[in-house]
Amino acid sequence: MNPDDLNIRCPRLGSNVGFGYCRKDGDGQSPCFKVFDCWWETFDVVVYFKERLSDEEFASLSQSRPKPKMLTLLELIEQARRNAAVNDKEN
């Protein structure tokens with residue numbers, strides 16, 4: 001069984017995603033902080049990551065927490081402002 005072939009409903013996105021997306025969290029670099037919560041019933045996701053990550057990377061993943069919602073909102077607002085400024089310069 002290849003875990004990347006598996007799909008579940010993502011509680012963060014509200015749609016179906018493959019394990020490959022969660023493994024890279026859309027940023028292409030690090031697993032989603034909820035990967036253990038979402039996939040534990042489907043396969044042994046802990047063993048999967050223990051076999052593929054260093055001890056430090058695994059510890060970091062298992063202790064990761066989401067950013068506070070307020071911080072996320074502020075980052076999204078700032079990103080929208082930057083995008084608007086770029087669009088204004090292009091027009």
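If you take all C-alpha pairs in region 3-65, what percent of them are over 16 Å apart?
Taking all Cα-Cα pairs of region 3-65, the fraction more than 16 Å apart is 39 percent.
For region 28-91, count the residues as N, evaluate 2.2 N^0.38 Å, and divide the Cα radius of gyration by that value, please.
Cα Rg divided by the expected 2.2 N^0.38 Å: 1.64.
Can you tell which of Leu76, Ser62, Cys10 lies farthest toward the positive end of the dipole of the chain, using +1 and -1 charges on the Cβ of basic and acidic side chains (Lys, Arg; Asp, Glu)?
Leu76
Just how large is the dipole of the chain about the Cα centre, in debye to the nearest 20, putting +1 at every Lys and Arg Cβ and -1 at every Asp and Glu Cβ?
Numbers: 13 positive and 15 negative charges, 79 e Å.
That gives the chain a dipole magnitude of about 380 debye.
Hey, got a sec? Which GluC sites (Glu not before Pro) in the chain land in a DSSP loop and have at most 11 other Cβ atoms within 10 Å?
Glu41
Give the calculated FRET efficiency between Asn16 and Glu90 to the nearest 0.05, with a Förster radius of 30 Å applied to their Cβ-Cβ distance.
Working from the Cβ atoms, E equals 0.30.
Working out 0.36 nm times the residue gap between Leu53 and Glu78, then minus their Cα-Cα distance, what length gain in nm do you get to one decimal?
Numbers: separation 25, 0.36 × 25 = 9.00 nm, distance 3.30 nm.
Stretched out fully, the Leu53 to Glu78 stretch lengthens by 5.7 nm.
Cα to Cα, under 29 Å, and not fewer than 8 places away if on the same chain: which lysines meet these conditions relative to Lys67?
Straight-distance partners of Lys67: Lys24, Lys34, Lys50.
Top mean-square fluctuation among Ser62, Ser54, Ser30, Gaussian network model of the chain, C-alpha springs under 10 Å?
Of Ser62, Ser54, Ser30, the Gaussian network model singles out Ser54 as fluctuating most.
With each run of n ≥ 4 DSSP H residues scored as -39500 (n - 2.57), what mean residue ellipticity at 222 nm is computed for the chain after dividing by its residue count and rounding to the nearest 500 deg cm²/dmol? Provide the component values of the computation, followed by the final result.
On the way: 5 runs with 49 residues, N = 91.
Calculated from helices alone, the mean residue ellipticity at 222 nm is -15500 deg cm²/dmol.
Just Arg23, Arg65, Arg81 to compare: in a GNM of the chain, with alpha carbon springs under 10 Å, which one fluctuates most?
Arg81
Modelling each spin label as a point 7 Å along the Cα-to-Cβ direction, I'd like the Asp44/Lys69 distance in nm, to one decimal.
3.7 nm
All of the numbers you see were taken from the coordinates with simple rules; none came from a lab. Note that the structure is a prediction, hence the values are computed from the model and not measured. All Cβ positions, even for glycine, are placed from backbone atoms using ideal geometry, and neighbour counts span all protein chains on display.
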